[in-house]
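The values are calculated or read from the model by the stated rules, or taken from the named source; none is laboratory data. Model, not experiment: these values are computed from the prediction. Positions of Cβ are backbone-derived with ideal geometry, glycine not excepted, and every protein chain shown enters the neighbour counts.
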Amino acid sequence: MKRFHCDILVVGAGPAGSSAATAAAKKGMSVLVADRSARIGIPVRCAEYIPAQLLGEVNLGSEYVAQRIRGMRTWLPDGSHVETVAPGFTIHRDLFDQTLAREAERAGAEILLSTTVLYRDNQEVVVRKKDRELLKISPRIIIGADGPHSKVGKWISSVNRHLIPSVQARVLLKNPLEFTHVYFHKDIYGGYGWLFPKGNEANVGLGRKKKNGNNVSLKKLLEQFIGRLVEEGKIFPKILKWFGGWIPAEPVRRVVKGNILLVGDAAGHTHPITGAGIAAALISGRKAGEWAVKAIEAKDLALLSKYEKDWRDSYGEAIDRAYHRRNLLEQHWCQLDTIIKTCWVAFREYYVGTEE
Ligand SMILES: Cc1cc2nc3c(=O)[nH]c(=O)nc-3n(C[C@H](O)[C@H](O)[C@H](O)COP(=O)(O)OP(=O)(O)OC[C@H]3O[C@@H](n4cnc5c(N)ncnc54)[C@H](O)[C@@H]3O)c2cc1C
């Protein structure tokens with residue numbers, strides 16, 4: 001079996017992995033990134049909205065921006081709606097991820113595609129290449145950026161336990177829209193439906209928790225939702241593509257142990273109410289990359305625990321609030337009309353009060 005050494009092994013070349021790899025490679029570390037997919041960013045599992053504030057974290061690349069978004073329209077179960085200012089963009093997520101990976105390569109990281117991380121053998125990580133050849137990699141530090149079902153997370157017993165299944169379709173819009181649309185309905189338990197415009201097309205999807213007695217499949221529920229949007233004259237009935245994915249809705253937890261750090265969805269850093277995770281993936285990735293460099297330079301792995309404090313200072317409170325609001329929302333789902341104000345980010349009440 002061939003053996004490789006590197007300073008930092010990043011598992012996963014999504015936004016979190018590429019961001020970690022760029023931060024570490026820029027400081028001269030030898031960085032290997034392994035991703036099981038043959039092409040970065042494919043398949044897309046995303047509604048593709050990024051908030052404008054993210055531009056402090058990434059350069060706005062015209063090749064991946066699909067359209068500008070002015071705000072969000074939230075539709076309530078009684079048919080009324082509220083509008084929130086939420087400037088941002090919908091993007092071509094595959095191109096976005098590919099741009100980030102190119103940046104990591106330009107900084108000096110090496111990306112191995114079609115390379116699946118399998119298991120750890122003492123301090124070595126065994127990976128399988130497309131041709132089924134096994135390689136052993138000996139890194140000084142491992143950054144787990146391998147998404148919601150993270151294998152690296154299992155190695156340090158820090159795994160996502162509250163994953164929400166979601167399904168999405170690409171459809172054609174009847175008229176262009178400047179707002180993202182979010183729909184709450186009693187049948188979409190613990191989640192919501194969305195319509196995110198992308199030029200002449202839109203991503204229409206929903207995420208829903210399982211509950212005893214709700215036997216309608218996710219796909220069926222999405223078909224019903226699409227039917228409603230067709231009736232409202234927003235979209236054409238034809239479906240161009242189906243997608244699916246898992247969205248972590250996790251409490252704040254420890255994501256560092258020994259020489260391993262988790263970032264992005266692997267760390268459960270998706271917002272437990274909205275499901276947005278690109279921003280946290282980029283920020284946690286950069287921070288983990290920077291702390292890994294500091295730990296290697298100081299020859300002191302204990303420094304990695306500072307990453308834990310760093311990401312919590314940045315957005316730990318937002319995740320904590322959202323996690324508790326999600327619990328409240330689920331407990332009071334039968335009073336969705338009233339509880340929604342305390343539990344959805346479009347309302348002032350969401351930001352008021354303590355969590356318990
Ligand atoms: C339907 C849906 C809609 C969403 N919409 C939005 C949105 O509009 N805006 C937003 O901000 N967020 C959205 N999210 C969340 C967002 O997509 C994630 O938070 C984001 O992708 C997290 O990035 P990541 O780099 O942590 O993980 P990922 O993007 O999941 O990347 C993980 C990478 O790890 C690789 N990998 C996994 N296992 C292994 C292994 N064993 N070996 C090697 N490689 C491996 C995968 O191939 C993948 O490339 C959505 C999620 C879903 C499911």
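Side notes on the structure shown:
- The set of residues in the stretch 95-105 being away from the ligand (no atom under 12 Å from the Cβ) and without any contact (Cβ under 8 Å) to a residue 60 or more places away in the chain consists of Leu95, Thr99, Arg102, Glu105.
- Listing of helices (runs of 4 or more DSSP H) fully contained in the stretch 274-345 that carry 3 or more residues being acidic (Asp, Glu): 317-331
- Flag if Phe179 is crowded, with 18+ Cβ neighbours inside 10 Å, within 11 Å of the ligand (Cβ to nearest atom) and over 27 Å from Cys334 (Cβ atoms): no
- Pair list, Cβ under 6 Å, 6 or more apart: the stretch 167-179 residue closer than 23 Å to Pro87 by Cβ, other residue of a type in the set (Val, Ile, Thr) and surrounded by 17 or more Cβ atoms within 10 Å (Cβ to Cβ): Leu173/Ile235
- Residues in the stretch 6-61 that are assigned by TED's automatic domain parsing to the domain that holds Trp311, assigned to a strand (DSSP E or B) and more than 7 Å from the ligand (Cβ to nearest atom): Cys6, Asp7, Ile8, Leu9, Val10, Val31, Leu32, Val33.
- Test result for Ala292, touching a helix residue (DSSP H, G or I) at 6+ places or on another chain (Cβ under 6 Å) and near the ligand (Cβ under 10 Å from one of its atoms): no
- Any hit, the stretch 302-311, residues being within 16 Å of the chain's Cα centre (by Cα) and assigned by TED's automatic domain parsing to the domain that holds Gln123: yes
- Listed conditions (1) modelled with pLDDT under 95; (2) among the acidic types (Asp, Glu); (3) outside the structural domain of Arg254 (by TED's automatic domain parsing) are all met by Glu223, apart from (1).
- Test result for Gly193, assigned by TED's automatic domain parsing to the domain that holds Ile69 and more than 12 Å from the ligand (Cβ to nearest atom): no
- Selection of first residues in the stretch 299-318 that are without any contact (Cβ under 8 Å) to a residue 12 or more places away in the chain and of second residues that are assigned to a helix (DSSP H, G or I) and not basic (Lys, Arg), restricted to Cβ pairs under 8 Å at least 6 apart or on distinct chains, gives the following pairs, ordered by first then second residue: Ala302/Ala295.
- Scan of the stretch 243-270 for residues that are β-branched (Val, Ile, Thr), near the ligand (Cβ under 9 Å from one of its atoms) and in a loop (DSSP other than H, G, I, E, B), ordered by number: Val263, Thr270
- Checking every residue in the stretch 199-208 against the condition of being at positive phi, out of contact with any helix residue (DSSP H, G or I) (no Cβ under 9 Å at 6 or more places or on another chain) and in a loop (DSSP other than H, G, I, E, B) gives at least one match.
- Hey, Ile260 touching a residue at least 60 places away in the same chain (Cβ under 8 Å) and either more than 19 Å from the chain's Cα centre (by Cα) or surrounded by fewer than 20 Cβ atoms within 10 Å (Cβ to Cβ) (or both) or not: yes
- Residues satisfying the stated conditions in the stretch 224-242, i.e. within 16 Å of the ligand (Cβ to nearest atom) and part of a helix (DSSP H, G or I): Phe225, Ile226
- Whether a residue is among the β-branched types (Val, Ile, Thr) and within 21 Å of Pro43 (Cβ to Cβ) was assessed, and Ile260 does not pass this test.
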